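Notes to accompany the following structure.
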Amino acid sequence: MNILIIEDEILNADRLKRLIQEIRPHAVILDVLESVEESVNWLSTHALPQAIMMDIQLSDGLSFEIFQRIKLELPVIFVTAYDEYAIRAFKQHAIDYLLKPVDRNELSMAFEKLEYLNHLTSQQSLESLLTAYKPKEYRTRFLIPYRDEFRALLVSDIQYFSSEMKITKARLNTGAEETIPQTLDELEKQLDPRLFFRANRQFIVHIDSIGRVFNYFNSKLKVTLKRDDTVEIIVSRDKAPLFKSWLGY
């Protein structure tokens, strides 16, 4: 994996390089750049890296200016001392937003996301993959038929969606259930992936409804819910690492 670092503080850049070499010894750090101007010139004259580790406040301005001057469609891991730029960062192909001093485990999880994207790029475009990590207009409500009218069902009131016999239901925080016309495949594209995870073919679960996570046989995970520990959701072996990363493990 070829990585470009954009960081104007030498000590931070050196620490970042050490962590990368510890976590991913085979990664190649192409260069360390210190300014917006230097970064624009480098990216305009070199083959693009597979990923960029980028600070936000550089010596000559905010790194967001780079995206205004050249078109970049590659994954970015932002590394900064400021948390107020997170939303803006995720609009620029960010797959993670790490606060300084960078935690080794958080950096490792960011690389897991990056490698997951790289693994899937043979089947989908980078643009479509990165939509899972950048904000967009996700569904916030449903209109549910009620007698002779419709009533609103807020997505924030839903613990999980389940599917059985081709019928999709939403389990609410109150414990009630509502039938939803969309399939789980359709909902997976419409729901905010920071809040909802497609655990398997039967369940899409909200992050705030998760109670406990257990190791299960064959490297799977078993998930129970806060409000109803009788519901057990099994996360497949293939999805288990991504699920743990999504939870921030």
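None of the figures in this text is laboratory data; all of them are computed from the coordinates on show. None of the values given here were measured: they were computed from a predicted structure. Note that we place each Cβ from the backbone using ideal geometry, even for glycine, and neighbour counts take in every protein chain shown.
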Subject >> Matching residues in the range 177-196 - criterion: being in contact (Cβ under 8 Å) with a residue 12 or more places away in the chain, part of a helix (DSSP H, G or I) and not acidic (Asp, Glu) >> reply: Leu184, Leu187, Gln190
**OP:** Working carefully through the options Ser59, Ser63, find the one that is farther than 30 Å from Leu247 by Cα, out of contact with any Gly (no Cβ under 8 Å at 6 or more places or on another chain), free of Cβ contacts under 8 Å to residues at least 60 places away in the same chain and among the hydroxyl-bearing types (Ser, Thr, Tyr).
**Re:** Ser59
**OP:** List every residue pair whose Cβ atoms sit under 9 Å apart, with the two residues 6 or more apart in sequence or on different chains, where the first one lies in the range 16-32 and is surrounded by 12 or more Cβ atoms within 10 Å (Cβ to Cβ) and the second, anywhere, is among the charged types (D, E, K, R).
**Re:** Leu16/Glu7; Leu19/Arg104; Ile23/Arg104; Arg24/Glu115; Ile29/Lys17; Val32/Glu7; Val32/Asp14; Val32/Lys17
**OP:** Identify, by number, the condition in (1) buried (at least 20 other Cβ atoms within 10 Å of the Cβ); (2) closer than 16 Å to Leu4 by Cβ; (3) free of Cβ contacts under 8 Å to residues at least 60 places away in the same chain that Tyr97 doesn't meet.
**Re:** (2)
Original post:
How do the pairs read when you match residues in the range 163-176 that are hydrophobic (A, V, I, L, M, F, W, C) with residues anywhere that are exposed (fewer than 10 other Cβ atoms within 10 Å of the Cβ), using Cβ under 8 Å and keeping only pairs 6 or more apart or on different chains?
Top reply: none
**OP:** Spot the failing condition for Arg171; the list is (1) in a strand (DSSP E or B); (2) out of contact with any helix residue (DSSP H, G or I) (no Cβ under 6 Å at 6 or more places or on another chain); (3) closer than 22 Å to Met109 by Cβ, and only one is missed.
**Re:** (3)
**OP:** Looking only at the range 197-213, decide whether some residue is free of Cβ contacts under 8 Å to residues at least 24 places away in the same chain and of a type in the set (A, V, I, L, M, F, W, C).
**Re:** no
